[in-house]
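Below is one structure, written out as structure tokens; the observations come after it.
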Amino acid sequence: QMRLVESGGGLVQPGGSLRLSCTASGSIFSFKVMAWYRQAPGKERELVARITAGGATDYAESVKGRFSISRANPRAGNTMYLQMNSLKPDDTAVYYCYGAFSVDVWGQGTQVTVSS
């Protein structure tokens with residue numbers, strides 16, 4: 001069974017950076033699409049960024065120019081990343097890794113808190 005595990009969350013000051021990692025139990029290139037979602041307290045889960053099997057990417061308007069989604073090379077491991085720069089308090093949320101496999105696969109989430 002394919003599993004996804006996130007890591008890299010934490011507390012950061014406004015303007016700071018974090019890199020989230022999502023490690024799959026199998027090849028990430030088995031997924032049609034992989035993505036990062038986030039859910040802030042009292043809000044619905046929202047798409048942050050996604051990457052297709054072919055490498056095409058797109059982002060939520062609120063993170064364009066600040067966040068970058070990428071994948072490790074096949075030989076480097078089964079990991080997807082979200083580089084987050086110029087973080088704002090509004091970026092505070094639980095961040096979830098998602099993969100469209102033969103079924104939808106979700107990670108358990110990692111907390112990102114942006115606060116001074």
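Computed quantities for the displayed model
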read-out: Qualifying positions in segment 35-56 - surrounded by 14 or more Cβ atoms within 10 Å (Cβ to Cβ), of a type in the set (Gly, Ala, Ser) and at pLDDT below 95; value: Ala53
read-out: Residue list for segment 88-114, restricted to those being not charged (D, E, K, R) and not in a strand (DSSP E or B); value: Pro89, Thr92, Phe101, Ser102, Val103, Gly107, Gln108, Gly109
read-out: Boolean, Met2 is touching a residue at least 40 places away in the same chain (Cβ under 8 Å) and open to solvent by 20 Å² or more (accessible area, probe 1.4 Å); value: yes
read-out: Where Tyr59 falls short, out of the listed (1) surrounded by 13 or more Cβ atoms within 10 Å (Cβ to Cβ); (2) in contact (Cβ under 8 Å) with a residue 12 or more places away in the chain; value: (2)
read-out: Filtered residues of segment 23-77 (kept if charged (D, E, K, R) and in contact with a helix residue (DSSP H, G or I) (Cβ under 9 Å, 6 or more places away or on another chain)); value: Arg38, Glu46, Arg66, Arg71
read-out: Looking only at segment 60-88, and only at residues there that are in contact with a Lys or Arg (Cβ under 8 Å, 6 or more places away or on another chain) and of a type in the set (Ser, Thr, Tyr), the one that is farthest from Ser17 (Cα to Cα); value: Thr79
read-out: Unmet criterion (only one of (1) surrounded by fewer than 20 Cβ atoms within 10 Å (Cβ to Cβ); (2) closer than 29 Å to Gln1 by Cβ; (3) of a type outside the set (Gly, Ala, Ser); (4) free of Cβ contacts under 8 Å to residues at least 60 places away in the same chain) for Gln108; value: (4)
read-out: Of residues in segment 14-26 being part of a loop (DSSP other than H, G, I, E, B) and open to solvent by less than 50 Å² (accessible area, probe 1.4 Å), the one farthest from Ala60 (Cα to Cα); value: Gly26
read-out: Leading residue by the ranking (surrounded by the most Cβ atoms within 10 Å (Cβ to Cβ)) among those in segment 66-87 that are outside any strand (DSSP E or B) and touching a strand residue (DSSP E or B) at 6+ places or on another chain (Cβ under 6 Å); value: Leu87
read-out: Test: Met34 is touching a residue at least 60 places away in the same chain (Cβ under 8 Å) and assigned to a strand (DSSP E or B); value: yes
read-out: From the options Ala60, Ala40, Ala49, Ala24, residue that is of a type in the set (A, V, I, L, M) and under 11 Å from the mean Cα position of the chain (by Cα); value: Ala49
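The values are calculated or read from the model by the stated rules, or taken from the named source; none is laboratory data. Bear in mind the structure is a predicted one, so any value in this text is a computation, not a measurement. All Cβ positions, even for glycine, are placed from backbone atoms using ideal geometry, and neighbour counts span all protein chains on display. These accessible areas exclude ligands, DNA and RNA; they are computed on the full protein's heavy atoms, side chains included. Shrake-Rupley method; radii C 1.70, N 1.55, O 1.52, S 1.80 Å.
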